[in-house]
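Coordinate-derived values only; no laboratory data. These numbers were taken from a predicted model, which means no experiment stands behind them. When we count neighbours, we look across all protein chains shown, and the Cβ atoms used for this are built from the backbone with ideal geometry, even at glycine.
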Protein chains: 2
Amino acid sequence: MWQLHQFPLCPFSRKLRLLMGEKGVSYELKRENPWEESDELWALNPAGRTPVLHDPDKNLTLCDSRAICEYLEETVERSPMINGTAVGRAEIRRLVALFDENFYADVTAPLLQERMRKRLVLREPPDSRVLRQAMKNAHAHLDYIDWLIDNRAWVAGATMSLADLAAAAQISVADYLGGIDWKDHGPTQRWYSVFKSRPSFRPMLSEKMEGIHPPAHYAKVDI
Amino acid sequence: MWQLHQFPLCPFSRKLRLLMGEKGVSYELKRENPWEESDELWALNPAGRTPVLHDPDKNLTLCDSRAICEYLEETVERSPMINGTAVGRAEIRRLVALFDENFYADVTAPLLQERMRKRLVLREPPDSRVLRQAMKNAHAHLDYIDWLIDNRAWVAGATMSLADLAAAAQISVADYLGGIDWKDHGPTQRWYSVFKSRPSFRPMLSEKMEGIHPPAHYAKVDI
């Protein structure tokens, strides 16, 4: 069976778990703490990052969340998530990159630094200026997602795609860390609420990162 | 015809130019200065970044260098660069991510900040501590590339792939900015030297970024 090396608040691991859930690919979780930089993780992935998808029986190791998503897309027929014309697929991949790189750098990464790493590792108080900026950035990103969803059925087009999974993964971690103010983002909120009720999403919503509590609305599917 | 929005020291634009060169896809260059954050670039790409590949006649805009590379791979048959089995393709994509994300963050980005942005925009001297660390990081990355090339014909396997283009693009920008010490990296140096003589690479080697001069060895193909 696949072993997924991850930690509960890794947005890239969450994207992969959503994809594997949608495709019905089973796996077991192998917990990593990113700040420990474990020898096992570095031996599996020269980039020293989660997620890593490893099959010890087949001696197969896959690294980089986008490379792993493409691999699953190529090898598992069920629920295609990078689908359509070449232009449509380019749009899906553009948005995956926007959420993986820009949303992550602007919102998720500073929240993880201030509200996870500082609390659990550095034992420092969060920098409120950095938090305010991250929430302001989140607001701008949600404005863009509102606009996408006002103009399309799903984030990248007429059907659900990897772009929706990538967006939901980043938003879910930011929401866990109290970085999302849902006010004024009705379209994204409705889209996200539908997402939260999917069987691929439910297991993640009940998981906790030790020592960090999500806000009350986090796991509720109706808001 | 395609218009490629780029600037001469953008490593992601260089990767794309190498791919388009290998595939024989013609394009014209549209110059962007990343620090100017032009309205035209933001209108084309909500991530505000180069490269953007734009065809005004077809009203088609493609953003994100990896999404564009996948698009070209899907639509242009010549010189496949993400080829082979699903596992082989995952290895190519893993290495592209390693060069695009880790090499860039560890080496190319700090060099661009210290030796391009500070010289041309901020008018500040470079921070020698940051430069030393970037060169140390480059050394570690080249060690890994040495190891890859000692064990394979090309970076990702038996044939040239997008991983070679991604590595050469990052290295070429770092080399232009004086960040590569080639001593002790014979395998990578020989691989890179072969690369520099390819028709897809030659046009870039003669281009200059105004106000920044590359070291004497930069454009020579025999070292």
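A few points about this structure:
- Single condition B:Ile149 does not satisfy, out of (1) among the β-branched types (Val, Ile, Thr); (2) within 25 Å of B:Gly84 (Cα to Cα); (3) surrounded by fewer than 19 Cβ atoms within 10 Å (Cβ to Cβ): (3)
- Sole residue being under 13 Å from A:Val221 (Cα atoms) and part of a loop (DSSP other than H, G, I, E, B), chosen from A:Arg198, A:Arg190: A:Arg198
- Selection count where residues are surrounded by 19 or more Cβ atoms within 10 Å (Cβ to Cβ) and either within 9 Å of chain A (Cβ to nearest Cβ) or without any contact (Cβ under 8 Å) to a residue 40 or more places away in the chain (or both), scope the stretch B:50-65: 5
- Criterion violated by A:Pro215 - all others in (1) touching an Asp or Glu at 6+ places or on another chain (Cβ under 8 Å); (2) over 18 Å from A:Ala166 (Cα atoms); (3) free of Cβ contacts under 8 Å to residues at least 40 places away in the same chain; (4) not small (Gly, Ala, Ser) satisfied: (3)
- Strands (runs of 3 or more DSSP E) fully within the stretch B:4-75 counting 2 or more residues that are of a type in the set (A, V, I, L, M) and under 17 Å from A:Ala97 (Cα atoms): B:52-55
- Residues of the stretch A:66-83 that turn out to be free of Cβ contacts under 8 Å to residues at least 40 places away in the same chain and within 9 Å of another protein chain (Cβ to nearest Cβ), as a count: 6
- Matching entry among A:Ser200, A:Ser172 (being touching a Lys or Arg at 6+ places or on another chain (Cβ under 8 Å), buried (at least 21 other Cβ atoms within 10 Å of the Cβ) and of a type outside the set (Lys, Arg)): A:Ser172
- In the stretch A:109-138, the residues that are among the polar types (S, T, N, Q) and without any contact (Cβ under 8 Å) to a residue 24 or more places away in the chain: A:Gln113, A:Ser128, A:Gln133
- One residue stands out in the stretch A:109-134 among those that are out of contact with any helix residue (DSSP H, G or I) (no Cβ under 8 Å at 6 or more places or on another chain) and part of a helix (DSSP H, G or I): the one that is surrounded by the most Cβ atoms within 10 Å (Cβ to Cβ), namely A:Met116.
- In the stretch A:98-108, the condition of being in a helix (DSSP H, G or I), facing chain B (nearest Cβ under 9 Å), in contact with a helix residue (DSSP H, G or I) (Cβ under 8 Å, 6 or more places away or on another chain) and free of Cβ contacts under 8 Å to residues at least 24 places away in the same chain is met by no residue.
- When the residues of the stretch A:28-85 are filtered to those that are β-branched (Val, Ile, Thr) and touching an Asp or Glu at 6+ places or on another chain (Cβ under 6 Å), the one that is farthest from A:Met1 (Cα to Cα) is A:Ile82.
- Residues within the stretch B:32-46 that are out of contact with any Phe, Trp or Tyr (no Cβ under 9 Å at 6 or more places or on another chain) and buried (at least 18 other Cβ atoms within 10 Å of the Cβ), tallied: 3
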